[in-house]
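Okay, structure first, notes after.
The values are calculated or read from the model by the stated rules, or taken from the named source; none is laboratory data. Here the structure is a predicted model, which means the values were calculated and not measured. Every residue, glycine among them, receives a Cβ derived from its backbone with ideal geometry; neighbour counts consider all protein chains shown. Please note that ligands, DNA and RNA were not included when accessible areas were found on the heavy atoms of the full protein model with its side chains. Shrake-Rupley method; radii C 1.70, N 1.55, O 1.52, S 1.80 Å.
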Amino acid sequence: MTPDLTDVNRRLDAALAGVAAAFRGMTAHRRESNCECHWGSAEELALLKTPDAPLDEELLRRTYWTTDWHYPGPLLRRILPPVTRRLAAGEVESVSGMDPLARLFVKGRWQDWPAAQRDAVREFLAAWWQHTLVDPGAKVPAHEALAFVAEVSGQLAPWLYSWARLLADPTARRRLVAAADEWSYDLVVDRLPWSSWRDEEDTACLALSMWVLRHAPAALREHDASAELRDLVQLLALPDADRWDRRG
């Protein structure tokens, strides 16, 4: 399936608008606090407790980088409209990838929120993922986006399934080649290629390895990937001991 790029971008714009509507007027918890020496001033914290007050880039960045909020759910709801816009634009600054922001989603327990809010988040993740895979101008590499959506949602299979369905699209195939290059050395030693705080890390690693083994070879041949990368991907079909024998 090759989606129309105009429709993909309209879907993303609509998802961003949906997040803005679902989380309009949200505030951080009235008892929320943080260290003024390490996070920011009381005046900045007050902005997070003020509905729809503009947040400058520095304040927003420090907020989603911070992992020790006392009430992460309300805090995340407060910053979701500007954060999702910046995710879509590739402007979320990384510290160890997107780990702190993904962790904030998990700690904020967004999947327990009211249905309209949950639905807005789900649609944004799905629309942004599709955009990442098929828009040549997408700012976030697919391997980073996959780690984010998998950790935020607690699921890997649906995102891999949607990628497989889009592999008729040439951009989605190029994204796969780039991702396989990023992942191959980790996968061949049975290591998930991103940090995870989920219990099913081994299962996710195996699922990703088998998906790459199934879908990557054709894309690697099409894009004249190096022999080393093609060989690493083929090693995923072998038991661990045989992988080391082959590499030796």
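Summary table below
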{"quantity": "Region 64-131, dipole about Cα centre (Lys/Arg Cβ +1, Asp/Glu Cβ -1), debye to the nearest 20", "calculated": "160 debye"}
{"quantity": "With DNA, RNA and ligands ignored, accessible area of Arg191 (1.4 Å probe; Å², nearest 10)", "calculated": "120 Å²"}
{"quantity": "Simple Cβ-charge dipole of region 100-155, Lys/Arg +1 and Asp/Glu -1, about Cα centre, in debye nearest 20", "calculated": "200 debye"}
{"quantity": "MRE, 222 nm, helices only [DSSP H, n ≥ 4, -39500 (n - 2.57), over the chain, to nearest 500]", "calculated": "-20500 deg cm²/dmol"}
{"quantity": "Extended-chain gain in nm, criterion 0.36 nm per residue less alpha-carbon gap, Arg109 and Ser226", "calculated": "37.9 nm"}
{"quantity": "List Cys205, Cys37, ordered by accessible area with a 1.4 Å probe, largest first", "calculated": "Cys37, Cys205"}
{"quantity": "Probe 1.4 Å, protein heavy atoms only - accessible area per residue of region 101-161 in square angstrom", "calculated": "37 Å²"}
{"quantity": "Region 188-241 and region 107-181: distance between their alpha carbon centers, rounded to Å", "calculated": "18 Å"}
{"quantity": "Region 32-87: C-alpha gyration tensor shape, a/c 1.5 cut-off, then a/b vs b/c", "calculated": "rounded"}
{"quantity": "Tail beyond 21 Å, pair distance distribution of region 97-248 (Cα, percent)", "calculated": "46 percent"}
{"quantity": "Segment Asp4-Ala53, extension gain: residue separation times 0.36 nm, minus the distance between their alpha carbons", "calculated": "14.0 nm"}
{"quantity": "Share of carbon and sulfur in the accessible heavy-atom surface of the chain [1.4 Å probe, %]", "calculated": "50 percent"}
{"quantity": "Rounded to the nearest 20 debye, dipole of the chain from Cβ charges on Lys, Arg, Asp, Glu", "calculated": "640 debye"}
{"quantity": "Gyration tensor (alpha-carbon) shape descriptor, region 142-229, a/c threshold 1.5", "calculated": "oblate"}
{"quantity": "Stretchable slack from Trp65 to Arg85, in nm (0.36 nm times residue separation minus alpha-carbon distance)", "calculated": "5.6 nm"}
{"quantity": "Neighbour net charge for His143 - beta-carbon separation under 12 angstrom, K R +1, D E -1", "calculated": "-3"}
{"quantity": "Cα gyration tensor category, rounded, prolate or oblate, for region 1-130 with a/c compared to 1.5", "calculated": "prolate"}
{"quantity": "Spin-label model distance (nm) - Cys37 vs Ala14, 7 Å beyond Cα toward Cβ", "calculated": "5.1 nm"}
